Amino acid sequence: MSAEKKTKQADPAPSENLEALRREVNGLNLELLDLFNRRATAVQGIGEIKKREGLTTYDPLRESQMLEQILKKNRGPFPDELITALFKEVFKASARHIDDLAREVSKTSRRYRKRDTVVRLDDLAIGGANPAVVMAGPCSVESFEQLDRVARQLKKRGVRVLRGGAFKPRTSPYSFQGLKEKGLEILQLVAAKHGLITVTEVLDPRDVGLVSDHADILQVGTRNMFNYELLKELGRCRKPLLIKRGFMATLEEFLQAAEYVYHRGNTRIILCERGIRTFERWTRNTLDISAVPILKSESHLPVVVDVSHSTGRKDIVSPVSRAALAAGADGLMVEVHHRPRVALSDSGQQLDLPCFGRLMNDLDPLLGGDRTRVRGGK
Ligand code: PEP
Ligand code: MN
């Protein structure tokens with residue numbers, strides 16, 4: 001027998017070696033697990049102190065300093081690139097953990113309140129198992145006669161909420177900017193005449209008082225979802241608020257905007273999905289239908305869908321409205337004008353009165369009763 005063979009026989013069997021290494025790896029996994037969780041607890045502690053002191057939680061400078069320190073001590077066999085990638089994942093996981101904790105305490109979150117919030121105005125209830133609400137009316141209030149004509153027809157079709165912009169956020173400064181205070185007065189007069197509830201947009205924190213004096217529900221438009229000063233002012237106001245999703249906002253940002261209002265004490269908030277900007281050009285925006293069940297499961301607030309601004313076209317309003325209701329929406333917003341072709345804003349997307357009548361015929365079977373059966377979410 002050669003000397004080489006003798007040494008091989010003295011070694012433990014390869015399978016024993018493998019088992020020993022596996023046991024070592026199992027032990028190291030548990031040590032890592034313990035270290036990850038200890039690290040998470042420490043990071044959580046830092047997060048709590050920072051929150052108390054009003055400091056931002058994410059600190060890129062601190063991250064690069066930590067990484068530098070780690071790499072100085074790296075003796076391999078992992079190369080610096082791999083260690084960097086691994087620790088970046090660890091940093092990311094910690095940041096996500098802090099975000100998740102923050103989300104849990106959000107007052108608009110389903111974790112904060114299990115039951116659906118129902119926004120009540122007189123005998124109208126929006127949200128929960130109540131019938132879906134249709135909010136309809138022209139893009140802009142143009143005159144008493146215009147609004148009166150539309151409102152009369154809406155009332156006949158059982159609509160309870162009249163929409164109409166008095167302060168108009170227009171892309172071009174040369175476009176019709178709304179009748180402002182005069183528009184609010186017309187909206188209030190026409191609504192009182194027909195026994196309707198009103199919703200209208202407020203653009204400026206300085207106008208919150210004025211708009212509240214004339215309207216029942218205040219609206220924050222898509223362009224203002226990120227206007228935190230406006231949101232803060234609306235948090236102090238006691239009128240219900242319909243807040244539209246920013247056309248470039250994530251759902252998380254959308255809920256955080258609502259949080260600005262809710263945590264200041266105005267808890268009567270309706271979320272409105274109105275489409276987001278994508279590369280698609282055959283619709284004005286892209287309606288994010290998945291936002292409806294996601295918002296309903298992440299938050300307890302009612303969700304309505306604006307089928308006019310999301311699509312920008314009349315021909316698909318009926319199927320899109322039905323899809324929104326099937327996805328669990330608590331209501332719809334739709335623009336209606338007695339003569340859309342001469343409307344001062346959004347003339348291409350407003351339904352005329354016969355067309356609105358047909359839409360209501362299509363929606364009739366879906367609007368009433370308990371719609372919890374069609375609800376998505378958790
Ligand atoms: C509106 O509803 O009048 C309006 C301007 O809508 P958005 O903010 O969704 O564009
Ligand atoms: Mn419009």
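Read the figures in this text as sums done on the coordinates, not as results from a lab. All figures in this text were calculated on a predicted structure; none of them were measured in a lab. Note: ideal-geometry Cβ built from the backbone for every residue, glycine included; neighbour counts use all protein chains shown.
Once the chain from Arg339 to Phe144 is taken as fully extended at 0.36 nm per residue, the excess over their C-alpha distance is 68.8 nm. Coordinate range of the alpha-carbon atoms in the range 131-231 per principal axis, descending: 38, 32, 23 Å.
Rounded to whole numbers, the Karplus 3J(HN,Hα) couplings from phi for the range 227-244 are 8, 5, 5, 5, 4, 4, 5, 5, x, 8, 7, 10, 9, x, 10, 9, 10, 8 Hz, using 6.51 cos²θ - 1.76 cosθ + 1.60 with θ = phi - 60°, and x at Gly and Pro. For Ile270, the residues 5 or more places off, or on other chains, whose built amide H falls under 5 Å of its own are Leu241, Leu242, Ile243. In this simple spin-label model, placing a label point 7 Å from the Cα along the Cα-to-Cβ direction at both Glu185 and Glu68 gives a separation of 6.6 nm. With 10 Å bins beginning at zero, the pair-distance distribution over Cα atoms of the range 270-326 amounts to 25, 55, 19, 1 %. Potential lengthening of the chain between Lys232 and Ala102 amounts to 44.9 nm, from the contour at 0.36 nm per residue minus the alpha-carbon distance. Nearest 10 degrees is fine. How inclined is helix 317-326 to the longest principal axis of the chain, computing both from alpha carbons? Helix 317-326 sits at roughly 50 degrees to that axis. Phi angles of the range 23-30 translate, via the Karplus equation with coefficients 6.51, -1.76, 1.60 and θ = phi - 60°, into HN-Hα couplings of 4, 4, 5, 4, x, 5, 4, 5 Hz per residue; Gly and Pro are given as x. Within the chain, antiparallel bridges make up roughly 15 percent of the DSSP beta bridges whose residues both belong there.
Measuring r between the beta carbons of Leu86 and Trp282 and using R0 = 45 Å, the FRET efficiency lands at 0.50.
Counting only alpha carbon atoms, the long axis of helix 353-367 and the longest principal axis of the chain meet at about 50°.
Across the chain, the mean sequence separation of Cα contacts (distance under 8 Å, 6 or more residues apart), normalised by length, yields a relative contact order of 15 percent.
Of the beta bridges in the range 58-201, as assigned by DSSP with both residues counted there, near 35 percent are antiparallel. Going by Cα centres, the range 309-360 and the range 82-130 are how many Å apart? Taking the Cα centre of the range 82-130 as reference, the centre of the range 309-360 is 31 Å away.
Cross-linked pairs Lys50/Lys73; Lys232/Lys296; Lys239/Lys314; Lys50/Lys114: Cα-Cα separations exceed 25 Å for Lys50/Lys73; Lys239/Lys314; Lys50/Lys114. Spin-label model, Arg52/Asp213: points 7 Å from Cα along the beta carbon direction are separated by 4.5 nm. For Val336, the residues whose modelled amide H falls within less than 5 Å of its own, excluding neighbours fewer than 5 places apart on the same chain, are Gly137, Cys139, Leu351. Derived scalar couplings between HN and Hα for the range 262-278 equal 4, 6, 8, x, 8, 9, 8, 10, 10, 8, 10, 7, 10, x, 10, 7, 10 Hz in order, rounded to whole Hz, by the Karplus curve 6.51 cos²θ - 1.76 cosθ + 1.60 (θ = phi - 60°), x for Gly and Pro. Rounded is the label for the range 119-367, because the ratio a/c of its alpha-carbon gyration tensor axes (a ≥ b ≥ c) stays below 1.5.
Can you figure out the FRET efficiency of Asn361 with Ala95, using R₀ = 56 Å and their beta-carbon distance, to the nearest 0.05? The formula returns an efficiency of 0.65 here.
Computed about the Cα centre, the dipole magnitude for the range 256-302 is approximately 200 debye when only Lys and Arg (+1) and Asp and Glu (-1) carry charge, each at its Cβ. Does the range 15-105 come out rounded, prolate or oblate by the C-alpha gyration tensor, with a ≥ b ≥ c the root eigenvalues, rounded set by a/c under 1.5 and, if not, prolate when a/b is larger than b/c and oblate if not? It comes out oblate by the Cα gyration axes. So, in nm, how far is label Arg313 from label Leu32 when the simple model puts each one 7 Å beyond its Cα toward the Cβ? A separation of 5.2 nm, rounded to one decimal place. Of all the options Asp59, Asp99, Asp315, the one that moves most in a Gaussian network model of the chain with Cα springs shorter than 10 angstrom is Asp59. Database remark: amide H of Ser143 closer than 5 angstrom to no amide H (H placed geometrically; neighbours at sequence offset of 5 or more, or on other chains; Pro and chain starts carry no H).
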